[in-house]
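The values are calculated or read from the model by the stated rules, or taken from the named source; none is laboratory data. Quick caveat: nothing in here was measured; it's all calculated off a predicted structure. Neighbour counts run over all protein chains shown; Cβ positions are idealised from the backbone, glycine included.
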């Protein structure tokens, strides 16, 4: 299709503002899918549908006949909605000329609305504001309009009111996409330059590169070259997204589509790389974008040591479709062989665990998540350490630096006090306050990443009755007075339970973890002593009394099934326990460190 | 057809006790007669018609909350469908507050030959706490009335580890029960079940329950005192004079099939090599409706396949003093348990030791 009739756009929104539903309506309206009953077509993973969030980007080509009578090709590139996956948004944006900025009419502008809109504006995208959910009783379109103008600095006078759920305003949105978002302006007479903005791995076709062609064109049989890695491939097939992969006879200038070329690993189709032709190719690559950084690390171990190989295969397979997942082998005295894995955030970690357990049928133990610390040793060595058990002895350490984030918290003004208190408790440094509207405040703080790992987000939500929204960006490392806290069971350190904590919190956290362990560790046949210690100094201790009996008093006809099921459940639970020395620990024990922020 | 154990559930009680999680309802009036008729219908339509009754057991609820006539009509229906074998044990549970000489006489005449009395405690303060309707004095009177009516096979249910109960109080309870010379004793440690008033009270910290060690001591008292008085333990919680074991309950513990009739009754039918276990609709109204409309009466059923039967065989067999057959049990686990002193074994069977009886579930967990 002629470039003048192509529009590449994405939808950006705060989580739950209705992005996926709007995408569904646009797809339906353009007849890309007929009579499908499955809602949220772009959310392809079960987990995405269950949690109501989009993790993996997908794209779809819509053919739309506008009021001017002409047919347009609209390429919609979906974006994830959770703060953990901000980097994926930036990738999607790089493939577009415009973005629909969706704001919930009853919620107004939220932290991620601002973060995503700023990202889009930095990439010179045309922003088309859409105010969604106008059919809700608490909808306030005028207020939302005002907030968009004040907080995002986008002209919202012609923001389109809509209800994706009720199908109101869909035609107006499609017309606005055609009228307002500029067509691509690539050069079809120049050598191929296509940006890989995403990829996935297919067992039969190898890596599938999702591309946005800037200049030139690509078709089956072309010999292509990845400008960053330098490797070359012969194109097996090209296609567009229907949704789903639909083979076509080539991707032309300005279009969005996919390429398969017998690429054996996802690394062959690096996201951010530029595809050109091997012969007479382009000399200058397209600008890539920031690489995803692992922010959160934890140990992943199979409950059953025999499953180590299975776990390795499973993580490797998962990584094929999730380039932001990093892993390397590690061993723990307590848990045996496993992997240190890096994630974008806690949700990413949780989803990876769930996928490994669900799709690969593994029983996993996760150690408490940690961030990546920089440790300066007295002997002059400087090390990055993300596993608390690998921390050197306190007397070898000169200084420790920890990563921080720039946090943006948006909140109705009556909760400012509560948010500031929380941020201060979490060692936050106040930066500034903004007032986008008389009722709403944006607070900027620098916070240690390690403090966000605990229940910061939960606390933020509960302290503001759910009204606060939150976004963050990695910031620099700062020196901090941190200590390693060890947990001992019957006198032995359990390395998988060690964690790093600020000195001023160490006593409280130590006591809280001991208390939490006393709650989650089931009584054993013998007494179990639980202690928290810094170096050789025990700072908190408790004991778990042994059980002295376990017998069912009565079991007759009607009760047999119930009692048997109870027994089977206990047996399952026992299987999932990890034997540490002589003590059996349930999975929750390893995450008890997370649940104790005061 | 092979003889089978028959259970009939009458779900009505004068009031609901705080610890009870059985299918029971404090209902009175027309619904009782309607339910009795419905149970009779269920029995008469049974797919097991013709299978002789090996044992018959009326449980509840409180069977003796029903009138002599109502009880008689139920037992007649059972006899019609399941002719009793010679020596068939025919038990009814009874609440000491709901029986008298004439009720027992009428039941004896109908065909019952065993009475199981829910005594629970000989202390009025305990009975009040347990929300029982009877008084301690009524237990003795009930036993005498049963004897007078000709029952020579009487069981007393007692509970220990009651709130605030001392070991001394438990021992004197047990001694008062033994003084009545019952043929059989069921001695249960009070279990706090979910969905009971006691469960909520316990969560609120309102029940001062004896700890694990006190419970063990009280249980040890059961074993010692019963043995001294000539009662043999044959199951975790059950003791009897020689030859007076409850035949009906043994069927459960041996994993045999049984028919169940009445609201909430559970039955377990042979479906060789599997078993089919079903549970009837629990609420009397809904149960009656189903019977009257000819709708299915069970609301859930489960196929007990051979592997599951094995689990149940271990779980139930361990409860018996004679234990469970060796066959197919993991040798490693057996060695470990033996070393721990929880089991004894010979070349045929495995059984719990006196210490192991405190850990019956733990042992089952290791062996299933």
From the options B:241, B:201, residue that is surrounded by fewer than 18 Cβ atoms within 10 Å (Cβ to Cβ), farther than 28 Å from residue A:545 by Cβ and more than 10 Å from chain A (Cβ to nearest Cβ): B:241
Yes/no for residue A:564 being within 14 Å of another protein chain (Cβ to nearest Cβ), buried (at least 16 other Cβ atoms within 10 Å of the Cβ), modelled with pLDDT of 90 or more and not in a strand (DSSP E or B): yes
Of all residues making up the range B:8-52, the number that are farther than 29 Å from residue B:200 by Cβ and either within 14 Å of another protein chain (Cβ to nearest Cβ) or not in a loop (DSSP other than H, G, I, E, B) (or both): 13
Matching entry among B:263, B:210 (being farther than 30 Å from residue B:298 by Cα, away from chain A (no Cβ under 11 Å) and crowded, with 18+ Cβ neighbours inside 10 Å): B:210
Given (1) within 31 Å of the chain's Cα centre (by Cα); (2) in a helix (DSSP H, G or I); (3) over 18 Å from residue A:455 (Cβ atoms), number of the condition residue A:505 does not satisfy: (3)
Residue list for the range B:76-105, restricted to those being in a helix (DSSP H, G or I) and either out of contact with any strand residue (DSSP E or B) (no Cβ under 9 Å at 6 or more places or on another chain) or buried (at least 24 other Cβ atoms within 10 Å of the Cβ) (or both): B:76, B:78, B:80, B:96, B:97, B:98, B:101, B:102, B:104, B:105
Lone qualifier among A:159, A:139 - being at pLDDT 90 or above, crowded, with 18+ Cβ neighbours inside 10 Å and in contact with a helix residue (DSSP H, G or I) (Cβ under 6 Å, 6 or more places away or on another chain): A:159
Residues located in the range B:87-108, provided they are out of contact with any helix residue (DSSP H, G or I) (no Cβ under 7 Å at 6 or more places or on another chain) and closer than 15 Å to residue B:66 by Cβ: B:102
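Results for (1) surrounded by 12 or more Cβ atoms within 10 Å (Cβ to Cβ); (2) more than 10 Å from chain A (Cβ to nearest Cβ); (3) modelled with pLDDT under 95, shown as yes or no for each residue.
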{"site": "B:291", "(1), (2), (3)": "yes, yes, no"}
{"site": "B:315", "(1), (2), (3)": "yes, no, no"}
{"site": "B:328", "(1), (2), (3)": "no, yes, yes"}
{"site": "B:346", "(1), (2), (3)": "no, yes, yes"}
{"site": "B:362", "(1), (2), (3)": "yes, no, yes"}
Residue selected from the range A:540-558 under the condition more than 8 Å from chain B (Cβ to nearest Cβ) and not in a loop (DSSP other than H, G, I, E, B), by the criterion surrounded by the fewest Cβ atoms within 10 Å (Cβ to Cβ): A:543
Hits in the range B:177-196 - residues which are touching a strand residue (DSSP E or B) at 6+ places or on another chain (Cβ under 9 Å) and either closer than 20 Å to residue B:242 by Cα or outside any loop (DSSP other than H, G, I, E, B) (or both): B:177, B:178, B:180, B:181, B:182, B:183, B:184, B:185, B:186, B:187, B:188, B:189
Which numbered condition residue B:193 misses (of (1) more than 14 Å from chain A (Cβ to nearest Cβ); (2) in contact with a helix residue (DSSP H, G or I) (Cβ under 7 Å, 6 or more places away or on another chain); (3) modelled with pLDDT under 95): (1)
In the range B:216-233, residue farthest from the chain's Cα centre (by Cα) [restricted to those that are within 14 Å of another protein chain (Cβ to nearest Cβ) and either part of a loop (DSSP other than H, G, I, E, B) or surrounded by fewer than 22 Cβ atoms within 10 Å (Cβ to Cβ) (or both)]: B:217
